[in-house]
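> First the structure, then my questions, so here it is.
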Amino acid sequence: MDQKKTIPVKIKIQNDDFDVSKETKILQENQTGAIVSFVGVVRGFDEKINSVIESMTLEHYPGMTELEIKKIVKQSYERWDITGATVIHRIGKLLPTDQIVFVGVSSRHRQNAFDSCNFIMDWLKTKAPFWKVEENEHQKKWVDYNLSDDEATKKWSI
Amino acid sequence: MIIKYFSWIKEHIGKSEELIELPDNVKNISELINYLNNLNDNYKKVFVKKDLIKIAVNKTYCSVETKISNNDEIAFFPPVTGG
């Protein structure tokens, strides 16, 4: 494998919303035959604590967040033959149905894009330093981490 | 040295960051935690939950054995919940 391989990578941490259609279009280029994207959205209900969510606020560790996402994306393009990757993660106060995160990956053939997008999302959930706090009229609660997110990364350690 | 705190750890300690002069006998993260625990009970209440605390030195994940110096940026935070 060519260790010097690089691809166009866009990583943004922002308060503003993103346009999925625009971001997907950016990933199209000459060699692209497939684009797979994931969009995370704020739920209006937390099943684990059986509680309505009126808003969610995301904080992060500026600098480290970008570094961790870069590492994950690099591992991904060293492992799969992909032609581009975009990760956009929102911070600040969000409401139910708001978009939180976009991960888009392009490749020549679909399987690489599917696997790479899944890989980036699994590792982002366990490594990128973001924290969510959920609020309703009764309480403000930091979201507990999910052990199943750690489990999800195990499938990639082959 | 700058120490940063995030999420509920920041709230328990009552600040998002602080500057400290590292004592000569503090050489690694484990010793730094002992030092902070002796400052006041807020730190003790946080660091007693050691299994729920992630550590970074200069924005890279590390362990309690990692060596540190006065020029380092240390961060303590809970397991991440983004995405």
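The values are calculated or read from the model by the stated rules, or taken from the named source; none is laboratory data. It should be emphasised that the depicted structure is a prediction, and the values quoted were computed from it without experimental measurement. Ideal geometry is used to build each Cβ from the backbone, glycine not excepted, and the neighbour counts take in all protein chains shown.
> Please list, ordered by first then second residue, the pairs with beta carbon atoms under 8 Å, 6 or more apart or interchain, first in the stretch A:114-126 and more than 14 Å from A:Ala34 (Cα to Cα), second of a type in the set (Ser, Thr, Tyr) and surrounded by 22 or more Cβ atoms within 10 Å (Cβ to Cβ).
Within 8 Å, the pairs are A:Phe119/A:Ser76; A:Ile120/A:Ser76.
> What single numbered condition from (1) at the interface with chain B (Cβ under 10 Å from one of its Cβ atoms); (2) in a strand (DSSP E or B) fails to hold for A:Leu67?
It fails just one condition, (2).
> Are any residues in the stretch B:43-83 in contact with a strand residue (DSSP E or B) (Cβ under 8 Å, 6 or more places away or on another chain), assigned to a loop (DSSP other than H, G, I, E, B) and farther than 18 Å from A:Ile72 by Cβ, and if so, which ones?
B:Ile53, B:Asn58, B:Ser63, B:Val64, B:Glu65, B:Thr66, B:Ile68, B:Asp72, B:Pro78, listed by residue number.
> Test each condition in (1) farther than 25 Å from A:His60 by Cβ; (2) at pLDDT 95 or above for B:Asp24 and report the one that comes out false.
Failed condition: (2).
> I would also like to ask the following. Mind checking whether some residue in the stretch B:21-35 is part of a strand (DSSP E or B) and either buried (at least 16 other Cβ atoms within 10 Å of the Cβ) or out of contact with any helix residue (DSSP H, G or I) (no Cβ under 7 Å at 6 or more places or on another chain) (or both)? Explain how you work it out, then say what you get.
So the first thing to find is which residues in the stretch B:21-35 are part of a strand (DSSP E or B), and the list is B:28.
Among the residues that remain, those that are also either buried (at least 16 other Cβ atoms within 10 Å of the Cβ) or out of contact with any helix residue (DSSP H, G or I) (no Cβ under 7 Å at 6 or more places or on another chain) (or both) are: B:28.
Yes, some residue in the stretch B:21-35 is part of a strand (DSSP E or B) and either buried (at least 16 other Cβ atoms within 10 Å of the Cβ) or out of contact with any helix residue (DSSP H, G or I) (no Cβ under 7 Å at 6 or more places or on another chain) (or both).
> While we're here: Looking only at residues in the stretch A:32-64 that are at the interface with chain B (Cβ under 10 Å from one of its Cβ atoms) and part of a loop (DSSP other than H, G, I, E, B), which one is surrounded by the most Cβ atoms within 10 Å (Cβ to Cβ)?
Among those residues, the one meeting the criterion is A:Tyr61.
> Can I ask one more? Considering the stretch B:1-35 alone, what residues qualify as being over 23 Å from A:Lys132 (Cβ atoms), touching a residue at least 24 places away in the same chain (Cβ under 8 Å) and away from chain A (no Cβ under 13 Å)?
Selection gives B:Met1, B:Glu21, B:Leu22, B:Val26, B:Lys27, B:Asn28, B:Ile29, B:Ser30, B:Leu32, B:Ile33.
> While we're on this one: Just name the residue that is nearest to A:Pro129 (Cα to Cα) out of those in the stretch B:45-62 that are within 11 Å of the chain's Cα centre (by Cα) and not hydrophobic (A, V, I, L, M, F, W, C).
B:Lys54
> Output the qualifying pairs, or none if there are none: Cβ atoms under 9 angstrom, residues six or more apart or on different chains, first residue in the stretch B:43-71 and within 12 Å of chain A (Cβ to nearest Cβ), second residue modelled with pLDDT under 95 and surrounded by 12 or more Cβ atoms within 10 Å (Cβ to Cβ).
The qualifying pairs are B:Leu52/A:Tyr145.
> So for the stretch A:134-148 (the condition being more than 27 Å from A:Ala34 (Cα to Cα), buried (at least 22 other Cβ atoms within 10 Å of the Cβ) and touching a helix residue (DSSP H, G or I) at 6+ places or on another chain (Cβ under 7 Å)), does at least one residue qualify?
So far as the stretch A:134-148 goes, no, none of its residues is more than 27 Å from A:Ala34 (Cα to Cα), buried (at least 22 other Cβ atoms within 10 Å of the Cβ) and touching a helix residue (DSSP H, G or I) at 6+ places or on another chain (Cβ under 7 Å).
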